[in-house]
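Notes to accompany the following structure.
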Amino acid sequence: MTIESLSHESARPSTRAWEWLKALPEKLWRKVVDVAEKIKKLGEDDPRRITHSLKVALAITLVSLFYYIRPLYDGFGANSIWVVLTVILVCEFFVATLGKGLNRMLATLSAGALGIGVHFLATLSGETGQPIILGFFVFLIAATVTFARFIPAMKARYDYGLMIFILTFSMISLSSYRESNQALDMAHERVTTIIIGSFTAIVICICICPVWIGENLINLVASNMEKLGKSLEGKSSKMGSVALPFRVPTSLETVP
């Protein structure tokens, strides 16, 4: 092996590295263009996605005023974050936001009332019995409500509300043990902020370009019928002179 071949082989890794660095900007630009085209296609396929994104952004911006406006923040304090979290969790693409928001409000209200009741019951048992009573009720409520989530009728309609019920009850019950004087205030502020957040999300999703699931269902059925019609028409054309005993509708038209 000559000296020239050795120097040529030793230069290969550095040459490949240089070529890779030279091609890197072009690869990155291609990636950016590819991602931009996919985003553009996603928006063009259903422009309602863009509208929904703007609606969610508007709702979050509105409830953020609880942090920007001093009197509102002084009224709720750190619990103002629940307004923002509620909007993020409740906002849905379809008008199902209504049911989800009502579930969250009802679950928070009932869990808050139950948590306050358990707190006052535990305080009657004295300092020694208070953690025992609280722990017993947390275990009982968590087990009962979690089991209820497996019931088909409850899971179909109230699964989200049941989960929020466990979360709210546990937070209020456990927090009341260390800050017993603030348990009622905490429950009141949490319920109020969640109601405000849910109401904001519901109003914006329903009043601004609402998206009804029935419209999507009709479009899906029409698309599937057209595909079925084209498929059967293609098969009938291959059969030659053998005609189908019925006419296949190619859209959502009334069949006599």
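The values are calculated or read from the model by the stated rules, or taken from the named source; none is laboratory data. In this text, all values refer to a predicted model and were calculated from it rather than measured experimentally. Every residue, glycine among them, receives a Cβ derived from its backbone with ideal geometry; neighbour counts consider all protein chains shown.
See the values below:
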item: Residue satisfying all of: in the range 151-167; modelled with pLDDT of 85 or more and more than 21 Å from the chain's Cα centre (by Cα); nearest to residue 113 (Cα to Cα) among these; result: 151
item: The one condition in (1) under 20 Å from residue 169 (Cβ atoms); (2) loosely packed, with under 14 Cβ neighbours inside 10 Å that residue 105 fails to fulfil; result: (2)
item: Near pairs, Cβ below 9 angstrom, 6+ apart or cross-chain, from the range 148-162 (of a type in the set (Asp, Glu)) to any residue that is modelled with pLDDT of 85 or more; result: 159/149
item: Condition check for residue 49: among the charged types (D, E, K, R), at pLDDT 80 or above and surrounded by 10 or more Cβ atoms within 10 Å (Cβ to Cβ); result: yes
item: Answer from 61, 123 - the residue that is assigned to a helix (DSSP H, G or I) and in contact with a helix residue (DSSP H, G or I) (Cβ under 8 Å, 6 or more places away or on another chain); result: 123
item: Residue list for the range 88-98, restricted to those being buried (at least 17 other Cβ atoms within 10 Å of the Cβ) and either at pLDDT 80 or above or part of a helix (DSSP H, G or I) (or both); result: 89, 90, 97, 98
item: Subset of the range 129-162 (residues that are surrounded by 14 or more Cβ atoms within 10 Å (Cβ to Cβ) and of a type in the set (Lys, Arg)); result: 149
item: Lone qualifier among 122, 78 - being farther than 17 Å from residue 210 by Cα and at pLDDT 80 or above; result: 122
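Residue by residue, here is whether (1) among the hydrophobic types (A, V, I, L, M, F, W, C); (2) part of a helix (DSSP H, G or I); (3) within 19 Å of residue 205 (Cα to Cα); (4) touching a residue at least 40 places away in the same chain (Cβ under 8 Å) holds:
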residue	(1), (2), (3), (4)
37	no, yes, no, no
54	yes, yes, yes, no
57	yes, yes, yes, no
73	no, yes, no, no
86	no, yes, yes, yes
109	yes, yes, no, yes
118	yes, yes, no, yes
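Let's see how each residue does on (1) over 19 Å from residue 198 (Cβ atoms); (2) at pLDDT 85 or above; (3) under 27 Å from the mean Cα position of the chain (by Cα); (4) hydroxyl-bearing (Ser, Thr, Tyr):
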residue: 19; (1), (2), (3), (4): yes, no, no, no
residue: 22; (1), (2), (3), (4): yes, no, no, no
residue: 31; (1), (2), (3), (4): yes, yes, no, no
residue: 57; (1), (2), (3), (4): no, yes, yes, no
residue: 70; (1), (2), (3), (4): yes, no, no, no
residue: 102; (1), (2), (3), (4): no, no, yes, no
